[in-house]
Amino acid sequence: MTVNFQYVDVDVSDTLSAFTKEKLEKLFNKFEFLISASVHFKKEESMHEKGKICNIELSLPGPRIFATSNERNYEVAVRETISDLERQLKKRKKVYKTH
C-alpha cells in the first residue's frame, strides 16, 4: 500500500498522517484491487465554520476514484472522505463481480 501525503497551507502533522493511513489500511484490506492513495490536506481561510479540506484519490484498475470533504477539523474530514470512497468502491466491486 502506497500513500502519498501533501499538505497545502497546513503544517505537516505526523498524527494526522498516521490517523489517515490507519483508516486507509482498512479500505486496502477490504478491497484488494486498490493500488495506491494520494491524500491532500488544505485549509480554506474564507470558510469560518469549516475550511479543513481533505481530498483523497485512489488508484485502482480502471478510472481513479476521488472524494473530498470540507469539515470543521481534519479528522472528521478524513472520516467523511473515506466513507464516500467506500461507497464508490462498493459500487465498483459490484461491476467487477458481474464480469
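The values are calculated or read from the model by the stated rules, or taken from the named source; none is laboratory data. Fair warning: this is a prediction, and the values are worked out from it, not measured in the lab. Cβ atoms come from the backbone with ideal geometry, glycine included; neighbour counts cover every protein chain shown. Heads up: the accessible areas ignore ligands, DNA and RNA and are worked out on the full protein's heavy atoms, side chains in. Shrake-Rupley method; radii C 1.70, N 1.55, O 1.52, S 1.80 Å.
Counting 0.36 nm for each residue step from ILE35 to ASP84 and taking away their Cα separation leaves a gain of 15.9 nm.
Provide the FRET efficiency to the nearest 0.05 for the GLU45-MET1 pair, computing r from the beta carbons and using R0 = 25 Å. In this case the efficiency is close to 0.15. Count Lys and Arg as plus one, Asp and Glu as minus one, and take only other residues whose Cβ is under 14 Å from that of THR68; the net charge is then +2. Within a Cβ distance under 14 Å of ALA18, other residues only, what is the Lys/Arg minus Asp/Glu net charge? Net of charged neighbours comes to -1.
Antiparallel beta bridges, as assigned by DSSP with both residues in the chain, represent about 70 percent of the total such bridges. Out of ASN29, ASN55, ASN73, any idea which swings most in a Gaussian network model of the chain, alpha carbons joined below 10 Å? The residue with the greatest mean-square fluctuation here is ASN29. Treat every Asp and Glu Cβ in the chain as -1 and every Lys and Arg Cβ as +1, leave all other atoms uncharged, and give the resulting dipole magnitude about the Cα centre to the nearest 20 debye. Magnitude of the dipole: close to 740 debye.
Net charge near GLN88, counting Lys/Arg +1 and Asp/Glu -1 over other residues with Cβ under 12 Å of its Cβ? Could you put the intermediate results ahead of the total?
Values: positive: ARG64, ARG87, LYS90, LYS91, ARG92, LYS93, LYS94; negative: GLU57, ASP84, GLU86.
So the environment of GLN88 carries a net charge of +4.
Using a 1.4 angstrom probe on heavy atoms only, work out the carbon and sulfur share of the accessible area of the chain in %. Each step should come with its number before you reach the end.
On the way: 2970 of 6210 Å².
C and S atoms contribute 48 percent here.
Length gained on full extension, LYS94 to ASP9: 26.8 nm, using 0.36 nm per residue less the C-alpha separation.
Among the listed pairs LYS43/LYS93; LYS21/LYS42; LYS21/LYS90; LYS23/LYS94; LYS30/LYS50; LYS26/LYS52, give every one whose C-alpha distance is greater than 26 Å.
Over 26 Å Cα-Cα: LYS43/LYS93; LYS30/LYS50.
With protein chains left intact and a 1.4 Å probe, residues in the chain average 63 Å² of accessible area per residue. When semi-axes √(5λ) of the Cα gyration tensor in Å is calculated directly from the model, which label among (1) 34, 17, 16; (2) 26, 14, 11; (3) 63, 37, 6 fits? Label of the calculated value: (2).
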